[in-house]
Amino acid sequence: MKHRKVRIDFSNALPHWNPAEPEFSQRQNAASTVLPHLEPYLNKVMKLAKDQLADTDAVLKDEIALFIKQEANHYKQHQAFNRMLYDNGYEKLKVYEAGLQQDYDQFLKQRSLKFNLAYSEGFESSGIVVAEFFFKHASRWLDNADDSVKKLWLWHLAEEFEHRTVCYDVYQRLYGSYFYRIYGLLYAMVHLFSYGGRVGRYLITQDRESGCIVNDWRSRWRLLRFQVFQSAYLGFKMLRVLSPFYDPANYAMPKAAEQVLAEADLATSTEN
Ligand SMILES: [Fe+2]
Ligand SMILES: [Fe+2]
């Protein structure tokens, strides 16, 4: 695991960054608006958890430090990308995002560290399933995509895979309750998928109303195909997270993700 100073230039990126799949692009854009709120929250939770670990947990503490650096870089690049969305007139995004930020502020203020860690691990466990989806089954949605946005998602998801054990290990070390981990997972999934659904619907509806997306059966079919495929895949793969024997360390990183990280390493080393 390492900190890579990846910087992406989004000056040529458009909201429909895969012009053949505008509905998929907007669903991903909705997810991108989550990250500048969720990932700073994860980092705050991990800092609080780090203070609770024993001095003998030096390796895990070092991993937390790297986790925080990776997440900080992720959300900064998503912020840079999201600016393009605001510039394209999706005014209500800021309202949705303010509501999400309020939720995270409340979680930190009113809920226990156990809850916040279980929620965080719920999200992190879905990250590796989404990574597997992107690296193994998403060529239909990525092949004709803008390079900068494709790079954003593939690099981000490869690093999610890379740091997959950190939050889980911290939760296990501090609490370890199986049923509470599942509660955190379900809470996080309902919270995040309902936000993603609302914002994705807003973006696509706005495009259909403005005529950016022709509102015909083709558009509905593209959206349905993506939603059915992704939810079936994620739903099935997430079943393994429900196992009391689940441990993210047992899942091997997809070859294509290793390749993305090797390329990011090379770009980072030539920059220095
Ligand atoms: Fe991340
Ligand atoms: Fe992560």
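The values are calculated or read from the model by the stated rules, or taken from the named source; none is laboratory data. Everything quoted here is computed from the prediction, not taken from an experiment. Heads up: the accessible areas ignore ligands, DNA and RNA and are worked out on the full protein's heavy atoms, side chains in. Shrake-Rupley method; radii C 1.70, N 1.55, O 1.52, S 1.80 Å.
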Practice item. For the chain, set up a Gaussian network in which alpha carbons nearer than 10 Å are linked by springs, and say which option among 173, 218, 181 fluctuates the most. Key: 218
Review point. Per residue, what accessible area does the chain have, given a 1.4 Å probe and all protein chains present, in Å²?
Key: 47 Å²
Study note, to complete from the structure: For the chain, averaging the sequence separation of alpha carbon pairs under 8 Å that lie six or more residues apart and dividing by its residue count, the contact order in percent is 31 percent
Review point. Expressed as an acute angle from 0 to 90° and rounded to the nearest 10, what is the orientation of the C-alpha long axis of helix 217-238 relative to the principal long axis of the chain?
Key: 10 degrees
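Going by the alpha-carbon gyration tensor, a ≥ b ≥ c the square roots of its eigenvalues, is region 52-158 rounded (a/c under 1.5) or, if a/c is not under 1.5, prolate (a/b greater than b/c) versus oblate? Spell out each step's value before the answer.
Working: a/c = 2.13, a/b = 1.32, b/c = 1.61.
Note, shape of region 52-158 comes out oblate.
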Check your understanding: At what distance in angstrom do the alpha carbon centres of region 4-71 and region 74-150 lie from each other?
Key -> 7 Å
Practice item. For residue 105, tell me the accessible area in Å² from a 1.4 Å probe, rounded to the nearest 10. Key: 70 Å²
Study note, to complete from the structure: Per-residue accessible area, 1.4 Å probe, largest first, puts 130, 166, 59 in the order 59, 130, 166
**Study point:** Within a Gaussian network of the chain (alpha carbon springs, distance under 10 Å), most fluctuating of 56, 33, 205
**Key:** 56
**Study point:** Solvent-accessible area, 1.4 Å probe, carbon plus sulfur percent, for region 1-52
**Key:** 49 percent
Check your understanding: So what does residue 134 come to for accessible area, using a 1.4 Å probe and Å² rounded to 10?
Key -> 10 Å²
Practice item. Could you state the angle between the C-alpha long axis of helix 255-271 and the longest principal axis of the C-alpha atoms of the chain, as a value from 0 to 90 degrees rounded to the nearest 10? Key: 90 degrees
Practice item. Using only C-alpha positions, report the orientation-averaged shadow area of the convex hull of region 22-271, nm², one decimal. Key: 13.9 nm²
Check your understanding: Angle between the Cα long axis of helix 93-110 and the longest principal axis of the chain, 0 to 90 degrees, nearest 10?
Key -> 10 degrees
